[in-house]
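Student: The structure that follows is given in the form of structure tokens.
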Amino acid sequence: MSPRPGFVLEVDRSTPSTLFWHGEGYRLEKLPVGSRVLYAPEPVDALADPVSAIRRALQEPLGDAEPLRSQLHPGMALTIAFDDVSLPLPPMRAPDVRQLVIEQVLELAAEAGVDDVVLIAALALHRRMTDAELRHALGERIFDAFAPHGLLWQHDAEDPDQLVHLGLTDQGEDVEINKRAATSDLLVYVNINLVAMDGGHKSVATGLASYKSLRHHHNAHTMTQSRSFMDQHRSELHSSNWRMGRLIAASGVKVFQIETNLNTDTFPEQFRFLQRREWEWTARDRAGFLATSKALQATPERVARSIFHSIRAPHKMSSVQAGEVEAVHARTTENVYAQQRLEVDGQSDILTMGLPYICPYNVNSIMNPILVACLGLGYFFNMYRGRPLVRAGGVVIMSHPTPWAFHPGHHPSYIDFFEQVLAETTDPAEIGKYEESFATDPWYVHLYRTGNAYHGVHPFYMWYWCAHALEHVGSVIIVGGDRAAVRRLGFKPASSMADALEMASDVVGRDPSITHLHSPPLLMADVL
Amino acid sequence: MKGLVFERNLARFAASRLMSSFGGSGRGVPVGPLRFTDVDPPELPGTDWHRVRPLLAGICGSDLSTLDGRSSRYFEDVVSFPFVPGHEVVGTLDDTDARVVIEPVLGCVARGVDPPCEACAEGRTGGCERVAFGHLAPGLQIGFCSDTGGGWSAGGLVAHRAQLHPVPDELSDEDAVMVEPTACAVHAAMAARTDTTHTVAVLGAGTLGLCTAAAMAHLWRPGQLLVGARYAHQRRLAEELGADVVVDPDQLVRAVRRSSRSLEASGTLTSGADVVIDCVGSDESLTQALSMVRPRGRVVLVGMPGRVTVDLASLWHREVAVTGAYAYGTEDIGGVARRTFDVAMEVVAAKGLGRLVSARYPLDRFEEALAHAGAAGRRGAVKVVFDLRARDRHRGTRPDTKGPVP
């Protein structure tokens, strides 16, 4: 039976309460009659034999690329770059798709007699992965074969010896990327694709770039001109990366892009109710909901976080394509839309969303307030094509505990950004004046290069990610959040959904239209 | 005349300490050694002495520390019992009706010690070596000496001519009562030996912290002035008084690190602030100060510390200078020797420090007043004072900048 498409439910008196994610927990909310609830399409079928599919993709590349086997020869330098810990979400059960793909690439390389091979985690300005995370992503065999010999690298955007400046785009954008990747005879990039923004030229032009390069598109202006950044035809973020990617290709860097689509099978069996539609919950789903809810209420925050971050998603590869970057990405994007697309008729006055415990930047970490904002107003708000789900001047209501808490090892500059920058202004256009000092702060640089810290400038990027939403909406309310933290973000705290709706009426009137984004699993709204 | 008298009574002293440790600063007063009673005006000790009738008398952190039974035993020999507290005083001279603030330190001149000690000879009266000697009973200052009385008494106090500073008409009583704590702040600012390129961090934003920030901004204009302030009203005031960065005290080390672009090692910044002024005086504040001062930098202790436990390894390794800043005397301002109180008057006027007076109580409500002062930060206050002006309201010659006594 083929998976069911997404669904727009109109709430009536008989509609059961709607599940809202709420950080390391969830709540049931009774939405007003007439509200719309957007349910994601069910997960598409997984590939029956992923290894064979990978082999076929490498042998039958898209675009004008030669089969990978024919591009490999003795004496060549081969670099294999791969997406970092920010994907997939939640981390998938072993074997990770990166492992499956890279094993096949290495097998071909070994057959061709290639012995100069380096693996690079394409971190951009993200934190370095831990050994455990690398082992999980690559598998024990690859890790043990490369890491002890110094052949498993993590991209260092602050090491001038590891970077090469390839030139300027026709828009004057610096293109500076990893030197080993740029000077290899072949750069194979292994991507995991969950959302339409990822992959394509962004893989190399962002994942292997320096701050000097990234600042050209990771800024408030670009983000307000990306409507949305999930829609490549209307995304300035996309356009900038494409200009850079084409310059990289024109510079002679030979890229063989491998992109994988995962299905949206997001939660394991015991949490399966999280991706089912409430009125279809079985007795087992209800029992699972009740049992986990009760248990979580009695569980200390730290333990609950640890439980959720130990979840391994049953994601399965649904497609793999390889070859020339743009041809590959066109197919990948098609697959993403085919899986996640949901047609929605018109905007609403209020958009509600329940935010889960995880986003791309807090894997095995704390979802700090800046990341809460980024997940809601950056990612979820931008999951649209055409028009945002909420009208201009409308209200976004998000549900999350939003603790005033930070992981000091992972997010040191976030703490200062929250304490000092957001205390002064929450305007994405205004905060830019502090960016340079954070980006060049020697302590943050040190922690980024030697620890597991996000780069000093990263919290700015998270806030820029919110820029389009902040410009578009009239008010943002967080239900159940730490009041001081919510206020520091410039949002309004509400103790319940009913209070939040009451507060929203000051902005949108007393009879607003309401849309709830029931996600994850992920969905892309085509708003007509 | 009614007044508050502090007596030597060990049992009550212990009870106050116990009570304040549970209820908070100022809460031990009802069981402590302070009594509201009839007080005879003190005798004039000599010809150059004057009677002063207090108008406003402030409640200082050192007063609270004494009342809470927490002051260091170091002070036992330099106070004399029973004494009337109150050393932050604006009052009128009994004979001429002129308005004056009291410079309360009882140095050699006031004590009739001749020749004066080296410190007094140099104008550093705060460093007087004879505070337990001379013709007066021991006492660091008016307000801790049994012979002079203090500001917390309607009967008034006596002060030597050298201790009197006329108050210009432009200053309100509230401004004037802030001159003494501001003089302490000015002295601390001068002890900081800073300049316009320096990063200066002030820990604490009670009366002393805010006055120090104001004095720093007025006298030195350091490159960057950071203040750690716990409460919203303190943060607002610190900004108004000239701080460049105001953060919660827990965030101050991070703010200094950002400002100095320092690295961190062993829980200490590798560079840090050129000067840290500790206006708290606790284990935690001194530890924090040492963690954020740069190597060969300077920590100035302004808040009165008692016995503290601090790891001094970083002080030794980084060759940090720790210095105390007590009271006042004469300062070298741009090569010119000026009385600290004169400079303080200037700072008070320039920064409008009378606004720091948050509440005024009559003497008979001393328990409420002291509880309020002990919880000033939490209760949105800065300086709490006793208001003894009621009997003088008919005068009408002073600026009346505040409302009636609460």
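Student: Residues of the range B:259-314 being of a type in the set (Val, Ile, Thr) and over 24 Å from the mean Cα position of the chain (by Cα), which ones?
Tutor: Narrowing the range B:259-314 to residues of a type in the set (Val, Ile, Thr): B:268, B:270, B:275-277, B:280, B:287, B:293, B:299-300, B:302, B:308-310.
Residues satisfying the conditions are B:Thr268, B:Thr270.
Student: Sticking with this structure for a sec: Please specify each residue of the range A:446-462 satisfying the condition of being over 23 Å from the mean Cα position of the chain (by Cα) and within 23 Å of B:Leu252 (Cβ to Cβ).
Tutor: A:His446
Student: Another one. Taking the range A:437-454 as the search range and keeping residues that are out of contact with any Phe, Trp or Tyr (no Cβ under 8 Å at 6 or more places or on another chain) and touching a residue at least 40 places away in the same chain (Cβ under 8 Å), which one is farthest from the other protein chains (Cβ to nearest Cβ)?
Tutor: First pass over the range A:437-454, keeping only residues out of contact with any Phe, Trp or Tyr (no Cβ under 8 Å at 6 or more places or on another chain): A:437, A:440-443, A:445-447, A:449-452.
Narrowing the set further to residues that are touching a residue at least 40 places away in the same chain (Cβ under 8 Å) leaves A:445, A:449, A:451-452.
Details: A:Val445: 10, A:Arg449: 12, A:Gly451: 11, A:Asn452: 16 Å.
By that ranking, first place goes to A:Asn452.
Student: Also, quick follow-up: Please specify each residue of the range A:375-392 satisfying the condition of being farther than 19 Å from A:Ala494 by Cα and not in a loop (DSSP other than H, G, I, E, B).
Tutor: Kept after step one, since they are farther than 19 Å from A:Ala494 by Cα, are these residues of the range A:375-392: A:378-392.
The answer is A:Gly378, A:Tyr379, A:Phe380, A:Tyr384, A:Arg385, A:Val390, A:Arg391, A:Ala392.
Student: While we're on this one: Please work out which residue is modelled with the lowest pLDDT, limiting yourself to the range A:502-520 and to residues that are buried (at least 23 other Cβ atoms within 10 Å of the Cβ) and not β-branched (Val, Ile, Thr).
Tutor: Checking each candidate, the answer is A:Ser519.
Student: Is it true that some residue in the range A:230-245 is in contact (Cβ under 8 Å) with a residue 60 or more places away in the chain, of a type outside the set (Lys, Arg) and either outside any helix (DSSP H, G or I) or not assigned by TED's automatic domain parsing to the domain that holds A:Leu125 (or both)?
Tutor: The answer is yes; a qualifying residue exists.
Student: What number of residues within the range A:233-247 are surrounded by 21 or more Cβ atoms within 10 Å (Cβ to Cβ) and either of a type in the set (Ser, Thr, Tyr) or modelled with pLDDT under 95 (or both)?
Tutor: Selection size over the range A:233-247: 2.
Student: Can you work out which of the residues in the range B:11-51 that are in contact with a helix residue (DSSP H, G or I) (Cβ under 8 Å, 6 or more places away or on another chain) and part of a strand (DSSP E or B) is farthest from B:Leu106 (Cα to Cα)?
Tutor: It comes out as B:Phe36.
Student: Let me ask something else. Within the range A:149-161, track down each residue that is buried (at least 16 other Cβ atoms within 10 Å of the Cβ) and in contact with a strand residue (DSSP E or B) (Cβ under 6 Å, 6 or more places away or on another chain).
Tutor: The answer is A:Leu152, A:Trp153, A:Gln154, A:His155.
Student: Out of (1) at pLDDT 95 or above; (2) in a loop (DSSP other than H, G, I, E, B), the odd one out for B:Arg8 is which?
Tutor: With (1) at pLDDT 95 or above; (2) in a loop (DSSP other than H, G, I, E, B) applied to B:Arg8, the lone miss is (1).
Student: Out of A:Leu371, A:Leu351, I need the residue that is in a helix (DSSP H, G or I) and at pLDDT 95 or above. Which one?
Tutor: Unique residue meeting the criteria: A:Leu371.
Student: Pick from B:Leu241, B:Leu219, B:Leu208: which is touching a residue at least 60 places away in the same chain (Cβ under 8 Å), away from every other protein chain (no Cβ under 14 Å) and touching a Pro at 6+ places or on another chain (Cβ under 7 Å)? Even if it seems obvious, please write down each step before you answer.
Tutor: Details: B:Leu241 fails: touching a Pro at 6+ places or on another chain (Cβ under 7 Å); B:Leu219 fails: touching a Pro at 6+ places or on another chain (Cβ under 7 Å).
Unique residue meeting the criteria: B:Leu208.
Student: Right, another one. Report yes if some residue within the range B:244-260 is more than 14 Å from chain A (Cβ to nearest Cβ), crowded, with 24+ Cβ neighbours inside 10 Å and in contact (Cβ under 8 Å) with a residue 12 or more places away in the chain; otherwise report no.
Tutor: In the first step, residues of the range B:244-260 are kept if they are more than 14 Å from chain A (Cβ to nearest Cβ); the result is none.
Within the range B:244-260, not a single residue is more than 14 Å from chain A (Cβ to nearest Cβ), crowded, with 24+ Cβ neighbours inside 10 Å and in contact (Cβ under 8 Å) with a residue 12 or more places away in the chain.
Student: With the condition kept exactly as written, say whether any residue in the range A:381-399 is within 14 Å of chain B (Cβ to nearest Cβ) and either out of contact with any helix residue (DSSP H, G or I) (no Cβ under 8 Å at 6 or more places or on another chain) or over 30 Å from A:Trp153 (Cα atoms) (or both).
Tutor: Let us first name the residues in the range A:381-399 that are within 14 Å of chain B (Cβ to nearest Cβ), namely none.
Checked the range A:381-399: no residue is within 14 Å of chain B (Cβ to nearest Cβ) and either out of contact with any helix residue (DSSP H, G or I) (no Cβ under 8 Å at 6 or more places or on another chain) or over 30 Å from A:Trp153 (Cα atoms) (or both).
Student: Across the range B:60-89, which residue is modelled with the highest pLDDT among those that are under 14 Å from the mean Cα position of the chain (by Cα) and among the aliphatic types (A, V, I, L, M)?
Tutor: Per the criteria, the residue is B:Val89.
Student: Going residue by residue through the range B:273-282, is there one that turns out to be more than 25 Å from A:Glu435 (Cβ to Cβ), surrounded by fewer than 17 Cβ atoms within 10 Å (Cβ to Cβ), within 14 Å of another protein chain (Cβ to nearest Cβ) and small (Gly, Ala, Ser)? Step through it out loud before you land on a result.
Tutor: Our first condition is that a residue be more than 25 Å from A:Glu435 (Cβ to Cβ); within the range B:273-282, this holds for B:274-282.
Checking which are surrounded by fewer than 17 Cβ atoms within 10 Å (Cβ to Cβ) leaves us with B:282.
Filter again for within 14 Å of another protein chain (Cβ to nearest Cβ), leaving none.
Within the range B:273-282, not a single residue is more than 25 Å from A:Glu435 (Cβ to Cβ), surrounded by fewer than 17 Cβ atoms within 10 Å (Cβ to Cβ), within 14 Å of another protein chain (Cβ to nearest Cβ) and small (Gly, Ala, Ser).
Student: Also: Within the range B:178-191, does at least one residue satisfy the condition of being of a type in the set (Asp, Glu), surrounded by fewer than 24 Cβ atoms within 10 Å (Cβ to Cβ) and either in contact (Cβ under 8 Å) with a residue 60 or more places away in the chain or more than 14 Å from chain A (Cβ to nearest Cβ) (or both)? If you could, list the steps in order and put the result at the bottom.
Tutor: Pass one, the range B:178-191, residues of a type in the set (Asp, Glu): B:180.
Filter once more, keeping what is surrounded by fewer than 24 Cβ atoms within 10 Å (Cβ to Cβ): none.
No, there is no match, as no residue in the range B:178-191 is of a type in the set (Asp, Glu), surrounded by fewer than 24 Cβ atoms within 10 Å (Cβ to Cβ) and either in contact (Cβ under 8 Å) with a residue 60 or more places away in the chain or more than 14 Å from chain A (Cβ to nearest Cβ) (or both).
Student: Just the residues that are assigned to a helix (DSSP H, G or I) and over 21 Å from the mean Cα position of the chain (by Cα), please, taken from the range A:395-416.
Tutor: Within the range A:395-416, the subset assigned to a helix (DSSP H, G or I) is A:412-416.
Selection gives A:Ile415, A:Asp416.
Student: To continue, here is another question. So in the range A:405-436, with the set limited to residues that are farther than 18 Å from A:Pro360 by Cβ and surrounded by fewer than 16 Cβ atoms within 10 Å (Cβ to Cβ), which one is farthest from the other protein chains (Cβ to nearest Cβ)?
Tutor: Among residues in the range A:405-436 that are farther than 18 Å from A:Pro360 by Cβ and surrounded by fewer than 16 Cβ atoms within 10 Å (Cβ to Cβ), the one farthest from the other protein chains (Cβ to nearest Cβ) is A:Ala429.
Student: Turning to a different aspect of this structure: Would you check which residues across the range A:72-121 are more than 26 Å from A:Met462 (Cβ to Cβ), in a loop (DSSP other than H, G, I, E, B) and either assigned by TED's automatic domain parsing to the domain that holds A:Asn364 or among the β-branched types (Val, Ile, Thr) (or both) and list them?
Tutor: Across the range A:72-121, the qualifying residue is only A:Val114.
Student: Of all residues in the range B:14-43, how many are under 23 Å from the mean Cα position of the chain (by Cα) and surrounded by 21 or more Cβ atoms within 10 Å (Cβ to Cβ)?
Tutor: Residues flagged as under 23 Å from the mean Cα position of the chain (by Cα) and surrounded by 21 or more Cβ atoms within 10 Å (Cβ to Cβ) within the range B:14-43 amount to 9.
Student: All but one of (1) assigned to a helix (DSSP H, G or I); (2) more than 24 Å from the chain's Cα centre (by Cα); (3) under 29 Å from A:Gln321 (Cα atoms); (4) not polar (S, T, N, Q) hold for A:Leu166; which doesn't?
Tutor: With (1) assigned to a helix (DSSP H, G or I); (2) more than 24 Å from the chain's Cα centre (by Cα); (3) under 29 Å from A:Gln321 (Cα atoms); (4) not polar (S, T, N, Q) applied to A:Leu166, the lone miss is (1).
Student: Can you name every residue in the range B:207-233 that is farther than 18 Å from B:Thr340 by Cβ, surrounded by fewer than 24 Cβ atoms within 10 Å (Cβ to Cβ) and not aromatic (Phe, Trp, Tyr)?
Tutor: Correct list: B:Arg221, B:Gly223, B:Gln224, B:Arg230, B:Ala232, B:His233.
Student: Of all the residues that make up the range A:276-300, how many are assigned to a helix (DSSP H, G or I), touching a strand residue (DSSP E or B) at 6+ places or on another chain (Cβ under 9 Å) and either more than 28 Å from A:Asp482 (Cβ to Cβ) or among the acidic types (Asp, Glu) (or both)?
Tutor: Here is the first cut: in the range A:276-300, the ones assigned to a helix (DSSP H, G or I) are A:278-280, A:283-297.
From the residues that got through so far, the ones that are touching a strand residue (DSSP E or B) at 6+ places or on another chain (Cβ under 9 Å) too are A:278-279, A:289, A:292-293, A:296.
In the following step, the residues that additionally are either more than 28 Å from A:Asp482 (Cβ to Cβ) or among the acidic types (Asp, Glu) (or both) were identified as A:278-279.
Of the residues in the range A:276-300, 2 are assigned to a helix (DSSP H, G or I), touching a strand residue (DSSP E or B) at 6+ places or on another chain (Cβ under 9 Å) and either more than 28 Å from A:Asp482 (Cβ to Cβ) or among the acidic types (Asp, Glu) (or both).
Student: Ok, one more. Can you tell me how many residues in the range A:361-373 are under 18 Å from A:Gly490 (Cα atoms) and surrounded by fewer than 24 Cβ atoms within 10 Å (Cβ to Cβ)? Break it down into steps so the answer makes sense when it comes.
Tutor: Keep residues of the range A:361-373 that are under 18 Å from A:Gly490 (Cα atoms), which gives A:367-373.
Filter again for surrounded by fewer than 24 Cβ atoms within 10 Å (Cβ to Cβ), leaving none.
Total satisfying the criteria: 0.
The values are calculated or read from the model by the stated rules, or taken from the named source; none is laboratory data. Since we're looking at a predicted model, the values are computed, not measured. As a convention, Cβ positions derive from the backbone with ideal geometry for all residues, glycine included, and neighbour counts pool all protein chains shown.
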